Amino acid sequence: MGIVIPEVLNHYNVYNDKAKKLIGISGEIELGELEALTDTLEGAGVLGEIEDAVTGQFASIKIKIPFSVLYEDMFSIIDTTNPPQLTLRASMQCMDPTTGATGYYPVKIVVRGKATNTNLGKATKGKKMEPEVELEVMYIKIQINNKTTLELDKLNFKFVLNGKDMLAKIRSQV
């Protein structure tokens, strides 16, 4: 398949830093959002204001890991003295637009962060408890079809987009 139309995330699993599959995770993980830190540009030669992103600088990023019930694996990721590294391995279903054939390509998301909020859920007879762990993301790397599309390491001054080191010039000047 050359150019493909991405359709759905067919399936995924989550692993801890010891490559052990985490058990009890429910179906949906909120990956957070990349919100660039900005400053307003205004003055002579500018008509009004422009809110401009500061390259490589992002606001707090949170990832939410929901579990079905209270489970041992959930408590293994809330130790703030040893932040977990989680790996989501997924299979993205796609379609070849020329033939309509269905194909698949890998998606891998690696996240390292510290727990900032642990919701223990609710206890209801015969129901899921829906506890959730929220992590402050310090590192995230996304690979689509074995190509790195995003790598952000807030503690080691690294920001890569589609293979381009966005901070190389800045690092050479400071």
Open item on the list: I'd like the full set of residues that are among the β-branched types (V, I, T), part of a loop (DSSP other than H, G, I, E, B) and within 19 Å of L31 (Cβ to Cβ), limited to the range 43-94.
Closed with: I61, I77, I78
TODO: Being surrounded by 11 or more Cβ atoms within 10 Å (Cβ to Cβ) and under 14 Å from the mean Cα position of the chain (by Cα) is the filter; apply it to the range 16-41 and report the residue that is farthest from I109 (Cα to Cα).
DONE: E35
- [ ] Consider only pairs whose beta carbons are under 6 Å apart and that are at least six residues apart or on different chains; among these, list those whose first residue lies in the range 105-128 and is at pLDDT 95 or above and whose second residue is among the aromatic types (F, W, Y).
- [x] R112/Y139
Task: The listed residue being surrounded by 12 or more Cβ atoms within 10 Å (Cβ to Cβ), free of Cβ contacts under 8 Å to residues at least 24 places away in the same chain and over 29 Å from E132 (Cβ atoms), out of A53, A44 - done: A53
Open item on the list: For a quick check of your reading of the model, give me the residue pairs whose first member lies in the range 163-174 and is hydroxyl-bearing (S, T, Y), whose second is in a loop (DSSP other than H, G, I, E, B), with beta-carbon atoms closer than 6 Å and at least 6 apart or on different chains.
Closed with: none
Open item on the list: of a type outside the set (F, W, Y) and touching a strand residue (DSSP E or B) at 6+ places or on another chain (Cβ under 9 Å): is that true of K125 in this structure?
Closed with: no
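The values are calculated or read from the model by the stated rules, or taken from the named source; none is laboratory data. Everything numeric here is computed off the predicted structure, so don't read it as measured data. Here Cβ is always computed from backbone atoms with ideal geometry, including for glycine, and neighbour counts include all displayed protein chains.
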